[in-house]
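Written below as structure tokens is the structure these notes are about.
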Amino acid sequence: MMSTVLFSYSQLESFVHQVWLKNGFSEEHAAMATLNLLEADLRGIDSHGVARLQGYLNLIQVGRINPNPNMTIEAEAMATATLDADAAVGLVSGTWATDLAIEKAKKCGIGMVVVNHSNHFGIAYTHLKKALSEGFIGISFTNASAFVAPAGGKERMLGTNPMCYAFPSPDGRHVVVDLATSAAANGKLEIAERTGKAIPKGWVMDENGEPSTDPSILKKGGMMIPLGSFEELGVHKGFGLSAVVDLFSGVLSGANFGPWVPPFPAFAPLPSETVGKGIGHCFWIINPEAFRTRSSYDQALLTWIHRFKNSIPLNDEIPVVIPGEPEMAFYHHRMEHGLPINAKVAEELKKISEKFEISL
């Protein structure tokens, strides 16, 4: 059984906040980055929470993350904008951009903001929380380090390129589709590697294009595979979804795209050439009231949830689960009972606390 160390949310929130401050973040940006980072742990996405903290610190140390960015708007129209994040961590620039998109949606019914010159932004959902709280639909994309081969190829060309679609519900049971467009998120490989477990066939392949179950295969020249995994299971569909994320996040925004996206590990060499600036994101915020009355939208959304929740299950003991429901269950349980952090990650946090003289 995987060894974990239990922390309360308040413990980790205070600690992570202080770490950002020690690394040059403003109070505002430290608070924003902390909330966005810990949202992953709260929702059970352990690969993208405090397990990523040391990676961000490494990027700050080598100068790839700017702890005190001067983010600027490069282009703007009534409902749209392009943001140069000035090498900010995506945990900050993503929410800054979403806030701008929300303000545009309030005026125009829809707001869309693309971001360039940014870095890894955590889980795609976290930047949409404010939109949901205001009753708006949110869409979030980002491109990422090239670990994924296109359908029919055996060269790293795309990132795991996650996408999130979030629909507000009046009773708080928001419908949230948050997923990588690869067969599995890179973080799941890291978790498997930490626990010494093999991964399912169809997640990765070796440098020769042969399927592998080795979670460390990326370090040996291997590649991840798009959703669908194999030709007969529709891998071209996963490739298509990943391409859409890359086109919006990179080509449209002015960020790098495809194999030119800079890698997350600070020790990994940067691409020898660039086609844009940093990593790119894309956010859409939609006000349902631009399309129908609030009451009619709310009623329709509740009807949708009720009908799917009461559809016929495969197993009579296990009801159908709507998108976002498992993560919300994790959120409430962990907020009340604490966050189980992998022992190796906890040891890493201890080293960070000692280095920066911050109590954990």
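For the reader, a short list of remarks on this structure follows.
- Among the residues making up segment 224-283, those that are among the polar types (S, T, N, Q) and either over 20 Å from N119 (Cβ atoms) or at pLDDT below 95 (or both) are S229, S272.
- Within segment 155-186, the set of residues being over 15 Å from S47 (Cβ atoms) and among the charged types (D, E, K, R) comprises E155, R156, D171, R173.
- When residues of segment 79-95 are limited to those that are in contact with a strand residue (DSSP E or B) (Cβ under 9 Å, 6 or more places away or on another chain) and surrounded by fewer than 24 Cβ atoms within 10 Å (Cβ to Cβ), the one farthest from N256 (Cα to Cα): A79
- Residue in segment 161-173 that is under 15 Å from the mean Cα position of the chain (by Cα), free of Cβ contacts under 8 Å to residues at least 40 places away in the same chain and surrounded by fewer than 21 Cβ atoms within 10 Å (Cβ to Cβ) present: yes
- Annotation for segment 195-203: at least one member residue is in contact (Cβ under 8 Å) with a residue 40 or more places away in the chain, surrounded by fewer than 19 Cβ atoms within 10 Å (Cβ to Cβ) and either of a type in the set (F, W, Y) or farther than 26 Å from H236 by Cβ (or both).
- For segment 158-216, the set of residues classified as of a type in the set (G, A, S) and part of a loop (DSSP other than H, G, I, E, B) consists of G159, S169, G172, A180, A183, A184, A185, G196, A198, G202, G209, S216, listed by residue number.
- Annotation: of all residues in segment 274-326 being in contact with a helix residue (DSSP H, G or I) (Cβ under 7 Å, 6 or more places away or on another chain) and assigned to a loop (DSSP other than H, G, I, E, B), the one that is surrounded by the most Cβ atoms within 10 Å (Cβ to Cβ) is N287.
- Count of residues meeting criterion [farther than 23 Å from W260 by Cβ and touching a Ser or Thr at 6+ places or on another chain (Cβ under 9 Å)] in segment 216-234: 0
- Pairs with Cβ under 8 Å, 6+ apart, first in segment 118-146 and touching a residue at least 12 places away in the same chain (Cβ under 8 Å) and part of a loop (DSSP other than H, G, I, E, B), second charged (D, E, K, R) and buried (at least 24 other Cβ atoms within 10 Å of the Cβ): N143/D246
- Residues that are under 21 Å from H332 (Cβ atoms) number at least 1 in the following helices (runs of 4 or more DSSP H) confined to segment 1-61: 9-22, 27-42.
The values are calculated or read from the model by the stated rules, or taken from the named source; none is laboratory data. Bear in mind that the values here come from a model prediction, so they are computed numbers and not experimental data. Quick reminder, even Gly has a Cβ in these numbers, built from the backbone with ideal geometry, and neighbours come from all protein chains shown.
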